[in-house]
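First comes the structure, then the notes that go with it.
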Amino acid sequence: MNVTALATSAPPRSPLADRLVDNLIHRIGKDERAALPHDWLAATILTVRDDIIDRWMASTRETHAAKSKRVYYLSLEFLIGRLLRDAIANLGKNREVSQALSQLGVDLAEIEEIEPDAALGNGGLGRLAACFMESLATLDLPAYGYGIRYMNGMFRQRIDDGWQVELPENWLAHGNPWEFERRESAYFVGFGGEVTGNDAGQVHWKPAEAVEAVAVDTPVVGWRGKRVNTLRLWTAVSLDPIKLDKFNAGDHEGALAGQVRAESLVRVLYPADSTASGQELRLRQEYFFSSASIQDIVRRHIQYFGDVRTLPDKAAIQLNDTHPAVSVAELMRLLIDHHDLAFDEAWEITKATFGYTNHTLLPEALESWPLPLFERLLPRHMQIVYAINARVLREARKADGIDDEAIGAISLIDEGGERRVRMANLAFAGSHSVNGVAALHTDLMKQTVFADLHKLYPARINNKTNGITPRRWLFECNPGLTHLIRDAIGEEFLDDAAALTALAPFAEDAAFRERFAEVKRANKVALAAHIKDRMGLRLDPDAIFDVQIKRIHEYKRQLLNIIETVALYDQIRSHPERNWTPRVKLFAGKAASSYHNAKLIIKLANDVARRVNGDPSIGKLLKVAFLPNYNVSLAERIVPAADLSEQISTAGMEASGTGNMKFALNGALTIGTLDGANVEIRDHVGDENIIIFGLTADEVAAKRADGYEPRAVIEGSRELAQAVNAIASGVFSPDDPNRYQGLMAGLYEHDWFMVAADFDAYAAAQRQVDARWADRDAWRASAIRNVAQVGWFSSDRTIGEYARDIWNVL
Ligand SMILES: *Cc1c(COP(=O)(O)O)cnc(C)c1O
C-alpha cells in the first residue's frame, strides 16, 4: 500500500473522531482494526454520553440553586426504545457524529441499527411515559422518571409457522453504556412480618424479609439539549450480611427472618396489556419500586428543604395508572411512622403531592388485590388503607346524594365476594388530581368506573389528552418529510409543533403535493425493501399501505380488519373485472402469552396472508403481511410509510391511543371509530380528512344493554357471513379445519367487541377509502392537512397542561 498517498488522501480527523478513537481504546479496550460494530456503537454512545453528562450536571445544579419544584413520574413501564439516535438528534450533533464516524470508516446509521431496544414496557402506557420524559426535559422542567430496571423487558416475538413464540429479550447482553449504577442511592424495602405499637402510640413495622433497591440512572436529553433529566430505574440486590446486621440492630426492632430473592423482583416485565396480572410477584414489584421511589423523593426533599411538611410545594408525584398506587400508603407510612406526623396532616400532604392518571375502563384491567395477600405482604400498609378508607367513607356519609350502593363503590375495599383492595380507589382518594387521557375517556370515567367517587370529589377528575414527541415520531423517523416541511414553512415547527398549521395552505399547492408524494413513496420503498429482506415478500410501493400495528387485543379489533380482508379477497376473486385499488395490509403486534384468542388472531392473520399472497389470481391487488416483533424501532420504520392508519377499536374501549397520532403526523389518513383520541383527531383535521365509521360509545353501551344479537347481524350481511363461514370452516386452515371454529362461534354467540355490528359500516368505509385513493391529488391534500393539524398532539402540549393544571410548576 502506498502510505504517502493514503495519508494525503485521507481527510484530517475531527476532534470528535479523535475522542471516539480514544474512547474505543481506553474504555472499550479495542483498537480501530479489531473493533467490531458493537465496539463502535459502545464507543459512540460513551462519546455522546460525555457531552450529555456535562449538561446533566448543569441541569441538577440549576434546579438546586433555584430551589425548583420537581416532578416525579412513577411508572412500571418505560418503553424508550433505542437512545443513540434520539440523543444525537436532540443534541443537534447528527452531522458532526456521522462525519466523525465516516472518517473512521464507520456508518452511523449501521451502528444505530444494532443498538438494542430498551423495551421496558408493553405498549401505549409505557411509550407515553417515554414521550413524557423527553418532553419534560424539552420544556426544561426538573423531573425524574422512576421505574424498574427489568433484566428482561418485553419478550421478543418470533413467528413460527404463523404462531407467536415468545423468547426472552436479553437487552443487557452487551452491557448498557447509557446507565450509571448509584450504589450510594440504595434503600431497604421490606415485606411481610408484623406491626406492633407502643404506649406512646408509635407504630413499628418489623418486616420479615427485605431487599435493597439500588438506583440505576439513565440521562434523558431534551430537544436542543436544553436540559438533561434522570430516568431512575431500580434494581434489586440481596442484603449482604453486614447490612443485614445493621438493619437488625437499627430502629426496625426485631430481626429479619429472610431475604426476598432479589433478582426475581426485577427479572421480568409482566407481559400483560389491558389485563391485570394478579400475581403476588407483581404486587411485590409494585411495592418494591414504589417504596424505593418514595423513600428517595422524601430523602431528597429533606436534604434540600429540611422540612417534610413542605413536600407538596417542592414535589409533584404522578402515578402512571394504578401500578404505583401503593405509593399513597407508602408516603403515609413514612410521614406517620418515620416523621411523626398526625394522620390528618399526613393525609393532606399526601393528597397535595399525588396525581393519578387512569388508562383504562376495562373492568378486567382494574387492579385489585386479595385482602389476605395484601395484608400478609404489607401489614402496615393494610392498616393505613383501612384508616384512609374510614376517612373517605366518613366524608361520603356526610355528602349529599350518596346512598349505600354508592358507599360500596367508593370503598377502597371491594366487599363483593372475596374481599379485595381496589388500587384505583386508593389512587383516586390519595390524589388531588385524577386525569383521563382523552376527552371521551375522561367523560366515560365520570359516568362509569368513578361515577360515585366523582360525585364525592367533583373537582378531581380532569382531562389530559395524550401526546407523542415529534422529535422521535417525526424528525428522527421521517427526515424526508421533516426537510420538506422545513423547506415549505421554515423552522418554527421544530420548536413548536403547533406551528405545523402553516403547512395547511400547501395542501392546495400542486408542486408541494408532488414532493410530499415522493417522500411518502421513498418511505414505502424503504419499508418494502426491509420486508423483502426479512420476510421474502415483495410489495408494490404504489399500493395503499394499510397499517394496523399495536398490541393484539380483541377490543382493538384486528379481527374486524382480518375478516374484512377476507371479504375483500372474495370480492376481488368474484369480480376481477372491477377497478380494484391495490392494497397492502400490514399487521404487527404482540399478544400477551396467556391470551389465547389474541394468539389465535395472530395465527389467523398469518394464515390469511399465506393464502392471499400465494394466490396468483389476485396478483398485486392484495398482499397481507404480519411483521414479527413489533417494538418502538419497528414502529419508527412503519409509521412514515403508512397511507392508512387503522384505529378501529370498539367505541368506548380505547382510552386514547397514541399510534393514531404518530400516523396522522406522518401523513396517513385514519380509518377509525369515534373512540379515544380519534374523536379529537377528527376535531383537528376536520371531517373531510378522516374516515370515521361505526357505532359510537353510547350506541355500543345501548346495544349491550338492549340485548345485542350478533347472529342475526351476521346472517343479515352476505359479505360478513361468507367471510366468517369461510374462516370457521377451515378455508384458511386446511391443515386444521377446526382451528377458528371457536373464535368464529364467539362472534355468533356474544361478540362482546361488536365486530359484526360494525362490519358493514367498516367495509363501506374501506370502499370509500378506495374511492378517495383514486383521486390521488385529493388524497395527498388530505394527508398534508393531517400533518398540518395534528401538532396539537405533541407531548409538549400534554406536559404543558400537566405542569400548569396538576403539578403547578409553570
Ligand atoms: C405508540 C406505540 C404503541 C401504542 O400504540 P396504540 O396504537 O396507541 O395502541 C404501542 N407500542 C409501540 C411500540 C408504540 O410505539
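Readers should treat all values here as calculations from the given coordinates under stated rules, not as data from a laboratory. Note that the structure is predicted; figures quoted are calculated from it, not measured. All Cβ positions, glycine included, derive from the backbone under ideal geometry; neighbour counts span all protein chains shown.
Size of the range 117-208 from its Cα atoms: along the principal axes, largest to smallest, the extents are 67, 41, 27 Å.
Can you give the direction-averaged projected area of the convex hull of the alpha-carbon atoms in the range 469-531, in nm²?
Working: hull surface 17.7 nm².
Value for the range 469-531: 4.4 nm².
Check each of the trypsin sites (Lys or Arg not before Pro) in the range 30-123 and keep only those in coil by DSSP with at most 12 other C-beta atoms within 10 angstrom; list them in order. Each step should come with its number before you reach the end.
On the way: sites: 30, 33, 49, 55, 61, 67, 69, 70, 82, 85, 93, 95; in loops: 30, 33, 67, 69, 82, 93.
Sites meeting the loop and neighbour criteria: 33, 67.
Residue 160 sits among other residues whose Cβ lies under 13 Å from its own Cβ, and their net charge, with Lys and Arg +1 and Asp and Glu -1, is +2. Grab the alpha carbons of the range 714-810, take their convex hull, and tell me the volume per residue in Å³. Convex hull volume per residue, Cα atoms: 200 Å³.
With Cα atoms as the point set, the range 627-748 shows a radius of gyration and Dmax of 17.5, 48 Å.
Work out the FRET efficiency for residue 808 and residue 60 from their Cβ-Cβ distance, taking R0 = 25 Å, and round it to the nearest 0.05. So, using R0 = 25 Å, E works out to roughly 0.70.
Evaluated with a Cβ-only charge set (Lys, Arg +1; Asp, Glu -1), the range 179-332 carries a dipole of roughly 640 debye about its Cα centre, given to the nearest 20.
How many angstrom separate the Cα center of the range 107-182 from the Cα center of the range 284-302? Comparing the Cα centres of the range 107-182 and the range 284-302, I get a distance of 22 Å. Averaging 1/r over every pair of different alpha carbons in the range 44-155 and inverting the result gives a Kirkwood radius of 15.7 Å. Going through the cross-link list 455/590; 550/703; 93/590, which pairs have a Cα-Cα distance over 31 Å in this structure? Distance filter (> 31 Å) returns 455/590; 93/590.
With a simple spin-label model that places each label point 7 Å from the Cα along the Cα-to-Cβ direction, the separation between residue 447 and residue 94 comes to 4.4 nm.
Positive end of the charge dipole of the chain (Lys, Arg +1 and Asp, Glu -1 on Cβ, about the Cα centre): tell me which of 386, 581, 356 has its Cα farthest that way. Projecting each Cα onto the dipole axis, the largest value belongs to 581. Subtracting the Cα-Cα distance of residue 182 and residue 777 from 0.36 nm times their residue separation leaves 208.5 nm of extension gain. Cβ crowding within 10 Å ranks 290, 782 as 782, 290, fewest other Cβ atoms first. Computed on the range 609-666, with alpha-carbon pairs under 8 angstrom and 6+ residues apart, the relative contact order is 28 percent. How many angstrom lie between the Cα centre of the range 758-810 and the Cα centre of the range 660-738? So the separation of the two Cα centres works out to 18 Å. What FRET efficiency comes out for residue 405 versus residue 302 if R0 is 30 angstrom and r is the Cβ-Cβ distance? Round to the nearest 0.05. Taking R0 as 30 Å, the efficiency between residue 405 and residue 302 is 0.10. With all pairs of separate Cα atoms included, the range 564-637 yields a Kirkwood hydrodynamic radius of 13.6 Å. Quick one: net charge around residue 323, please, counting Lys, Arg +1 and Asp, Glu -1 for every other residue with C-beta under 9 Å from its C-beta. For residues surrounding residue 323, the net value is -3.
By the equivalent-ellipsoid construction on the alpha carbon gyration tensor, the range 301-435 comes out with semi-axes of 25, 16, 16 Å, ordered largest to smallest.
About its Cα centre, the chain has a charge dipole of approximately 1120 debye under the convention of +1 per Lys or Arg Cβ and -1 per Asp or Glu Cβ, with nothing else charged.
Order these peptides, 391-404, 364-377, by their mean beta-carbon neighbour count within 10 angstrom, highest first.
Details: 391-404: 12.9, 364-377: 17.8.
Most protected by this proxy first, the peptides run 364-377, 391-404.
Just want to confirm a number: the relative contact order over the chain, from Cα pairs under 8 angstrom separated by 6+ residues, in percent.
Details: 1485 pairs, mean separation 99.1, N = 810.
Once normalised by length, the contact order is 12 percent.
Provide the convex hull volume over Cα atoms per residue for the range 501-658, in Å³.
Values: hull volume 23.0 nm³, N = 158.
Here the figure is 145 Å³ per residue.
Give me the net charge of residue 139's neighbourhood, meaning all other residues with Cβ under 13 Å from the Cβ of residue 139; Lys, Arg count +1, Asp, Glu -1. Working shown, then result.
Details: positive: 224, 226, 227, 471, 797, 804; negative: 134, 140, 495, 496, 796, 801.
That sum, taken over residues with Cβ under 13 Å, equals 0.
What order, most packed first, do the peptides 733-740, 600-607 have when packing is the mean number of other Cβ atoms within 10 Å of each residue?
Details: 733-740: 14.4, 600-607: 23.6.
Per-residue Cβ counts within 10 Å, averaged per peptide and sorted highest first, yield 600-607, 733-740.
Sorting the segments 486-493, 184-191 by their residues' average number of neighbouring beta-carbon atoms within 10 angstrom, most packed first, yields 184-191, 486-493. Scalar couplings 3J(HN,Hα) for the range 161-171, obtained by applying the Karplus form with A = 6.51, B = -1.76, C = 1.60 to θ = phi - 60°, are 6, x, 9, 6, 10, 9, 10, x, 9, 8, 6 Hz; x denotes Gly and Pro.
With the cut-off at 19 Å, tell me which of the pairs 520/556; 206/243; 524/623; 69/351 have Cα atoms farther apart than that. Before the final figure, lay out the partial values.
Details: 520/556 26 Å; 206/243 16 Å; 524/623 14 Å; 69/351 16 Å.
Check vs 19 Å cut-off fails for 520/556.
Max-minus-min Cα coordinates of the chain on each principal axis give 90, 86, 52 Å, with the largest extent listed first.
Could you tell me the relative contact order of the range 619-736? Use alpha-carbon pairs under 8 Å, at least six residues apart, and round to a whole percent. The partial results should precede the final answer.
Numbers: 117 pairs, mean separation 22.7, N = 118.
Over the range 619-736, the number comes to 19 percent.
Residues whose amide H lies under 5 Å from that of residue 627, counting only those 5 or more places away or on a different chain, are 587, 588; hydrogens are built 1.01 Å from N in the peptide plane. For the pair residue 736 and residue 398, label points projected 7 Å from Cα toward Cβ lie 6.1 nm apart. Taking the Cα centre of the range 747-795 as reference, the dipole from Cβ charges on Lys and Arg (+1) and Asp and Glu (-1) amounts to some 440 debye. Extending 7 Å from Cα along the Cβ direction at residue 511 and again at residue 267 yields two label points whose distance is 6.4 nm.
Give the calculated FRET efficiency between residue 226 and residue 362 to the nearest 0.05, with a Förster radius of 41 Å applied to their Cβ-Cβ distance. All intermediate terms of the calculation are to be shown ahead of the outcome.
Numbers: r = 38 Å, r/R0 = 0.92.
About 0.60, to the nearest 0.05.
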